[in-house]
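Taking it in order: structure first as structure tokens, then the write-up.
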Amino acid sequence: MKAAACAAIVIAAPASGQGKTSITAALASFYRLQGKQVRVFKIGPDFLDPMILEQASSHPVYQLDLWMVGEQHSRSLLYRAALTADIILIEGVMGLFDGSPSTADFASQLGLPVLTVIDGSAMAQTFGALAYGLANYRDDVQVKGVIANRIGSERHYHMLRDSLPDDISCYGALPRQTDASLPSRHLGLVQAEEIDDLQHRLTILAKQLILNEATSLPEIIFEDRDSILIEKQLQGIRIGIAKDAAFSFIYPANLDILQQLGAEIVFFSPLNDTEIPIVDSLYFPGGYPELHLQRLGNNSTMIASIRTHHSSEKPILAECGGMLYLSDSITDKVGETADMVGLLSGKAILQGRFTALALQQASFSGGELRGHTYHHSVFETGLKTEQALITSAQCPNDSPYSEVVYQVKGLTATYIHFYFPSDPVLTAKLFTP
């Protein structure tokens with residue numbers, strides 16, 4: 001079995017909002033500025049954090065997960081990164097022990113050490129108690145140390161550091177941010193390309209990062225256990241993928257699997273282009289169409305070209321924001337409504353808070369695709385089974401939440417963000433004319 005060694009750590013926290021992404025980005029930028037090759041991964045479904053981390057590391061950020069990605073493929077991704085990287089940073093999801101599977105489950109299963117990020121802005125000695133609890137809650141999780149985030153001063157940092165038990169190392173700290181903070185909106189962090197001075201902010205984070213020179217990241221041996229052979233089922237197929245500020249939630253692994261299947265990928269912009277390119281199939285991923293209602297709705301030549309593609313019953317896959325764009329209309333949070341493409345009968349209405357958050361597995365004829373759902377809208381439709389093939393997905397961890405998958409002619413539309421490597425054969429069928 002092939003193996004490669006590389007320094008690596010999982011970056012976790014006691015809860016969301018502690019600053020995992022800021023610390024991970026600061027570490028990646030710090031090591032990259034030292035001339036090291038840094039690869040960053042994200043545990044669990046996410047699109048926005050990886051955009052920031054890609055800018056920090058100068059490499060695409062892939063998902064790792066025991067259920068959606070799978071243990072073997074996760075190990076293979078880490079192995080391939082270790083072949084060329086000096087350091088691998090793996091950002092966890094939510095709190096260290098939250099969810100099923102959790103960050104702790106992943107770290108334990110793959111034998112990876114954990115570095116915890118704790119927001120120390122409103123605490124002193126309790127910092128040490130919290131770190132102790134995280135380190136001792138499960139015997140199978142190796143918590144190697146802690147980083148203090150949002151410290152107020154050097155004295156504050158020393159107070160937090162001195163509160164730690166002797167067997168828990170303090171790897172360092174990051175001061176409370178003003179100019180270098182990472183902005184957010186309703187789905188999470190603002191997209192990287194929308195932050196004009198992102199590289200400047202990342203450089204500030206790297207320079208302000210306080211690292212304890214007495215600590216170092218442990219070296220891990222990664223093995224390649226993924227032996228799946230991909231047949232060229234999409235050889236000669238051109239797939240047009242919507243990609244711009246409105247449609248950007250695309251897993252790098254999805255692009256990889258389409259190319260491994262033999263497809264030629266052509267990107268286009270529903271915001272800026274006048275029509276779709278000459279393609280056999282279309283893919284509309286999720287994103288923020290609700291932030292660009294007038295530009296999307298007024299691009300009549302683009303809409304006409306999409307309708308022509310659909311009338312020929314050529315394949316279209318639309319996920320979340322992509323599905324909303326292909327529906328009759330979208331209404332944003334302030335009540336502004338715009339007509340959209342109109343391929344899927346129904347209207348989308350943005351809500352004041354998120355309306356769905358769950359892992360999902362959808363069964364089709366010939367296979368199952370895994371993925372997740374996370375959205376702030378509701379889709380009101382009168383579609384019935386005699387008008388569309390309607391399938392309900394299932395959540396793997398006992399959640400009753402179930403998304404619907406609509407199939408009308410060549411269109412497959414759903415709120416689910418699919419992870420294509422979970423079933424390459426089925427993925428090929430969805431894009432095959």
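The values are calculated or read from the model by the stated rules, or taken from the named source; none is laboratory data. Worth saying up front: this structure is predicted, and the values here are computed from it rather than measured. In this analysis, Cβ positions are derived from the backbone assuming ideal geometry, glycine residues included, and neighbour counts consider all displayed protein chains.
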* Working carefully through the options Ala131, Ala107, find the one that is within 19 Å of the chain's Cα centre (by Cα), within 22 Å of Pro218 (Cβ to Cβ) and surrounded by 21 or more Cβ atoms within 10 Å (Cβ to Cβ). => Ala107
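With respect to Asp166, determine if the residue is closer than 30 Å to Glu193 by Cβ, acidic (Asp, Glu) and in the same structural domain as Ile9 (by TED's automatic domain parsing).
Numbers: closer than 30 Å to Glu193 by Cβ: no; acidic (Asp, Glu): yes; in the same structural domain as Ile9 (by TED's automatic domain parsing): yes.
For Asp166, the condition - closer than 30 Å to Glu193 by Cβ, acidic (Asp, Glu) and in the same structural domain as Ile9 (by TED's automatic domain parsing) - is not met.
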* Asked: Got at least one residue in segment 234-241 being among the aliphatic types (A, V, I, L, M), surrounded by 19 or more Cβ atoms within 10 Å (Cβ to Cβ) and more than 28 Å from Ile330 (Cα to Cα)?
  -> yes
* Of all strands (runs of 3 or more DSSP E) completely enclosed by segment 34-119, which ones contain at least 2 residues that are at pLDDT 95 or above and farther than 24 Å from Arg138 by Cβ? -> 38-43
* From the residues in segment 307-344 that are touching a strand residue (DSSP E or B) at 6+ places or on another chain (Cβ under 7 Å) and assigned to a helix (DSSP H, G or I), which one is nearest to Tyr283 (Cα to Cα)? -> Gly322
* **Criterion violated by Cys6 - all others in (1) at pLDDT 95 or above; (2) within 16 Å of the chain's Cα centre (by Cα) satisfied** => (2)
* Only one of (1) modelled with pLDDT under 95; (2) closer than 28 Å to Ile276 by Cα; (3) of a type in the set (Asp, Glu) fails for Asp339. Which number is that? -> (1)
* Structure fact -> Picked from segment 208-227 (must be part of a loop (DSSP other than H, G, I, E, B) and within 30 Å of Gln177 (Cβ to Cβ)), the residue modelled with the lowest pLDDT is Ala214
* Structure fact -> Over segment 60-81, the set of residues surrounded by fewer than 20 Cβ atoms within 10 Å (Cβ to Cβ) and either in contact with a helix residue (DSSP H, G or I) (Cβ under 8 Å, 6 or more places away or on another chain) or among the polar types (S, T, N, Q) (or both) is Pro60, Leu66, Gly70, Glu71, Gln72, Arg75
* To do: Under 6 Å between Cβ atoms, at least 6 apart or on separate chains: pull out the pairs that start in segment 306-332 with a residue that is more than 15 Å from Ile250 (Cβ to Cβ) and end on any residue that is among the charged types (D, E, K, R) and assigned to a strand (DSSP E or B).
  => Asp328/Lys347; Ser329/Asp339; Ser329/Lys347
* If you go through segment 263-278 one residue at a time, do you hit one that is in a strand (DSSP E or B), surrounded by 22 or more Cβ atoms within 10 Å (Cβ to Cβ) and either touching a helix residue (DSSP H, G or I) at 6+ places or on another chain (Cβ under 9 Å) or not assigned by TED's automatic domain parsing to the domain that holds Ala362 (or both)? -> no
* Members of segment 138-165 found to be part of a loop (DSSP other than H, G, I, E, B), surrounded by 13 or more Cβ atoms within 10 Å (Cβ to Cβ) and modelled with pLDDT of 95 or more, listed by number -> Arg138, Val141, Gln142, Ser163, Leu164
